[in-house]
There are 2 protein chains.
Amino acid sequence: MTQSSVRPPSSSRRDELLQIAAELFATQGFKNTTVRDIADAAGILSGSLYHHFDSKESMVDEILSTFQEELFGRYAEILAGDADPRAKLEAAVRVSFEAIHQHRNEVAIFQNEADHLGTFERFSYLAERNQQSREVWLTLLGEGIASGALRPDLDVELVHRFIRDTVWVAVRWYRPGGKRSHHDVADQYVSILLDGITT
Amino acid sequence: MTQSSVRPPSSSRRDELLQIAAELFATQGFKNTTVRDIADAAGILSGSLYHHFDSKESMVDEILSTFQEELFGRYAEILAGDADPRAKLEAAVRVSFEAIHQHRNEVAIFQNEADHLGTFERFSYLAERNQQSREVWLTLLGEGIASGALRPDLDVELVHRFIRDTVWVAVRWYRPGGKRSHHDVADQYVSILLDGITT
DNA sequence: GTCTATATGAGGATAGAC
DNA sequence: GTCTATCCTCATATAGAC
């Protein structure tokens, strides 16, 4: 057995296999990706994967939990910072686009599979993270309204959903190295969100 | 054989089965839903489904193509109308939220499966519809800018993606009969989109 | 760390009786 | 229009050799 019961040691081969799996899970979907697909892409046979991982489920589990841990570390930094409310909100948006840039596969998997995977005990942390993310956004929006920077007439819960959804769904079309950098995209998005599209 | 080669006749039993399948495809995903799941939900055995449909694929095909036909009929009406640019844009947004309200399952299936299904010849119309939808939004945005109602400094392609994504992704959380009607949601969304969230 | 070989089960689909 | 019975393929996972 290669993996410890608490946290698997990071061998580079293991990480390599996780990257390959993440790419396939992200582009074809978790269910649509077979262990043979993963093994083929890695140049080994499917049975050999089980030297590294217990199951296909373990692979996606490790991919998602690792990513979430990093992402929420960033959110925590912003919340703890002393920038003004509007700047904090902008920062949170930018962190998200940065995550899309740096961890496309992980974000895509989370977007596409979290609802379904979340129904299993093993992935209950996904629901908790969702809740945590909601608290981050509601806090930022609340501070923004309290400071007078944001409109007080809007339904905060709805605003939260719109921001969350629009930011993350960009993973569907954003391509690193494409025409627009993630900074460009974030700039435009922040501009629309804050000021609207009318003159 | 029950179905004609061109367009299957609408027997009510057939429609009932399609509704049941759509509900399952929308909530569990196409690949995750087995023909046995569908049959169970309908109170029959899986083999009996094949009296009505050629394959599981045929079912999702019929669900999606029927929905798309209706949706694009609505878009065409708006484009052909003589409302001012801003009103047309609003109308298009509202039609989308209405579609989410009336055809939740179909919208969800399209959102979750179109990318993947679109890679097969049989579903090539999905890509065409996507292109068509892009033209609708770009036309509306172009008219808006030309008329002076919309900001000329924004990247129209990006604005299009943000509108498209934010509108449709609402299907993930919108529930008919919930706290917010689809009219409420559309109102708030239009307000944010047009005027932004700042004071 | 990878391969060979294989167990085991699930899922899509079919043929023909009722 | 549904059931019985069943085929066939594909997918996850395992055991042990190399």
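The values are calculated or read from the model by the stated rules, or taken from the named source; none is laboratory data. In this text the structure is predicted, and so the values were computed from the model without any measurement. Because the Cβ atoms are built from the backbone with ideal geometry, glycine has one as well, and the counts that use them run over all protein chains shown. These area figures cover heavy atoms from the full protein model, side chains too; ligands, DNA and RNA do not enter into them. Shrake-Rupley method; radii C 1.70, N 1.55, O 1.52, S 1.80 Å.
Quick check on this structure: which one of A:Val169, A:Val159, A:Val185, A:Val107 is part of a helix (DSSP H, G or I), free of Cβ contacts under 8 Å to residues at least 60 places away in the same chain, among the hydrophobic types (A, V, I, L, M, F, W, C) and over 25 Å from A:Asp82 (Cβ atoms)?
One residue alone meets the criteria, A:Val169.
Checking the structure you have, find out if any residue of region B:24-45 is within 16 Å of DNA strand D (Cβ to nearest atom), under 16 Å from the mean Cα position of the chain (by Cα) and of a type outside the set (Gly, Ala, Ser).
yes
Any residue at all in region B:70-86 that is within 15 Å of DNA strand C (Cβ to nearest atom), open to solvent by 50 Å² or more (accessible area, probe 1.4 Å) and modelled with pLDDT of 95 or more?
Among the residues of region B:70-86, not one is within 15 Å of DNA strand C (Cβ to nearest atom), open to solvent by 50 Å² or more (accessible area, probe 1.4 Å) and modelled with pLDDT of 95 or more, which makes the answer no.
Please verify whether region B:140-151 includes one or more residues that are closer than 21 Å to B:Ala83 by Cα, touching a Phe, Trp or Tyr at 6+ places or on another chain (Cβ under 6 Å), modelled with pLDDT of 95 or more and assigned to a helix (DSSP H, G or I).
No, every residue in region B:140-151 fails to be closer than 21 Å to B:Ala83 by Cα, touching a Phe, Trp or Tyr at 6+ places or on another chain (Cβ under 6 Å), modelled with pLDDT of 95 or more and assigned to a helix (DSSP H, G or I).
Hey, does region A:51-63 have a residue that's within 11 Å of DNA strand C (Cβ to nearest atom) and open to solvent by 20 Å² or more (accessible area, probe 1.4 Å)?
Yes; the residues of region A:51-63 include at least one that is within 11 Å of DNA strand C (Cβ to nearest atom) and open to solvent by 20 Å² or more (accessible area, probe 1.4 Å).
Could you list all residues from region B:147-169 that are among the hydrophobic types (A, V, I, L, M, F, W, C) and more than 7 Å from chain A (Cβ to nearest Cβ)?
Hits for region B:147-169 are B:Val156, B:Ile163, B:Val167, B:Trp168.
Given the structure, is B:Arg14 more than 14 Å from DNA strand D (Cβ to nearest atom) and surrounded by 15 or more Cβ atoms within 10 Å (Cβ to Cβ)?
So B:Arg14 does not fit the description; no.
Within region A:83-97, which residues are assigned to a helix (DSSP H, G or I) and farther than 19 Å from A:Arg134 by Cα?
Scanning region A:83-97 gives no hits.
Hey, can you tell me all the residues within region A:135-156 that are closer than 23 Å to B:Asp187 by Cβ and free of Cβ contacts under 8 Å to residues at least 24 places away in the same chain?
A:Leu138, A:Gly142, A:Ile145, A:Arg151, A:Pro152, A:Asp153, A:Leu154, A:Asp155, A:Val156
For region B:133-142, indicate whether the set of residues that are of a type in the set (Lys, Arg), open to solvent by 20 Å² or more (accessible area, probe 1.4 Å) and more than 10 Å from chain A (Cβ to nearest Cβ) is non-empty.
Checked against the condition, which is being of a type in the set (Lys, Arg), open to solvent by 20 Å² or more (accessible area, probe 1.4 Å) and more than 10 Å from chain A (Cβ to nearest Cβ), region B:133-142 yields at least one hit.
Name the pairs whose Cβ atoms lie under 7 Å apart, with the first residue in region A:38-49 and within 14 Å of chain B (Cβ to nearest Cβ), the second at pLDDT 95 or above and more than 10 Å from DNA strand D (Cβ to nearest atom), and 6 or more positions between them or separate chains?
Pairs that qualify, where the first residue is within 14 Å of chain B (Cβ to nearest Cβ) and the partner is at pLDDT 95 or above and more than 10 Å from DNA strand D (Cβ to nearest atom): there are none.
In this structure, does A:Arg94 turn out to be away from chain B (no Cβ under 14 Å) and either in contact (Cβ under 8 Å) with a residue 24 or more places away in the chain or over 23 Å from A:Thr27 (Cβ atoms) (or both)?
Judged against the criteria, A:Arg94 is a match.
Could you please let me know if B:His116 is more than 18 Å from B:Leu18 (Cβ to Cβ) and within 16 Å of DNA strand D (Cβ to nearest atom)?
yes
Working carefully through the options A:Leu71, A:Leu64, find the one that is more than 11 Å from DNA strand D (Cβ to nearest atom), part of a helix (DSSP H, G or I), more than 17 Å from A:Phe25 (Cβ to Cβ) and more than 14 Å from every other protein chain (Cβ to nearest Cβ).
When all the criteria are applied, what remains is A:Leu71.
Out of the residues in region B:25-48 that are in a helix (DSSP H, G or I), of a type outside the set (Gly, Ala, Ser) and crowded, with 20+ Cβ neighbours inside 10 Å, state the one that is farthest from DNA strand C (Cβ to nearest atom).
B:Phe25
Taking A:Ser147 as the residue in question, decide whether it is among the hydroxyl-bearing types (Ser, Thr, Tyr), in contact with a Lys or Arg (Cβ under 9 Å, 6 or more places away or on another chain) and surrounded by 19 or more Cβ atoms within 10 Å (Cβ to Cβ).
Judged against the criteria, A:Ser147 is not a match.
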